[in-house]
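One structure below.
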């Protein structure tokens, strides 16, 4: 069959490529932001799945020996300020989540995400998997980021109990 020419599949034509993208739902994720506290839920979900989902899992149920669950977690649905501190600077040591003790460490995300992206992620997890907590605003992230700017270490559950 040497020298036999097979034409390129139709998928390589620009019109066919656009049709494939549209039909696969890729364009659906590019729709305008859904507003919830000023941030897009779709963007929050995408950022969560890329950055947090490997440990906390896409379903928010966590992974044994790696990360605690976020679904139904009082740490997610409770104090917004406490959740912001965890996301910005991380948390270490023993922590109780849904009645179970975890001895793990979550890294700081302060230098990974800007205020808008952090708000989008936290708004997503506060409303996903049956959680029903209010949205996190960009202003709230900025305020806590500013108040805790000099912090050089992750938080412990005991330190967070007052927030």
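Between residue 92 and residue 74, full extension at 0.36 nm per residue minus the direct alpha carbon distance yields a gain of 4.8 nm. If the segment from residue 129 to residue 100 were pulled out straight at 0.36 nm per residue, it would be longer than the present Cα-Cα gap by 8.6 nm.
Share of antiparallel DSSP beta bridges in segment 37-160, in percent to the nearest 5? The antiparallel fraction comes to roughly 75 percent.
Based on C-alpha pairs under 8 angstrom that are at least 6 apart in sequence, segment 37-160 has a relative contact order of 32 percent. Plainly put, segment 37-160 has a radius of gyration that is 0.92 times its Kirkwood radius, both from alpha-carbon atoms, as the Rg/Rh ratio. Maximal additional length on extending the residue 55-residue 151 stretch stands at 32.1 nm, based on 0.36 nm per residue less the C-alpha distance.
Each value in this text was obtained by applying a stated rule to the coordinates, not by laboratory testing. Keep in mind that this is a model prediction, so the values were computed, not measured.
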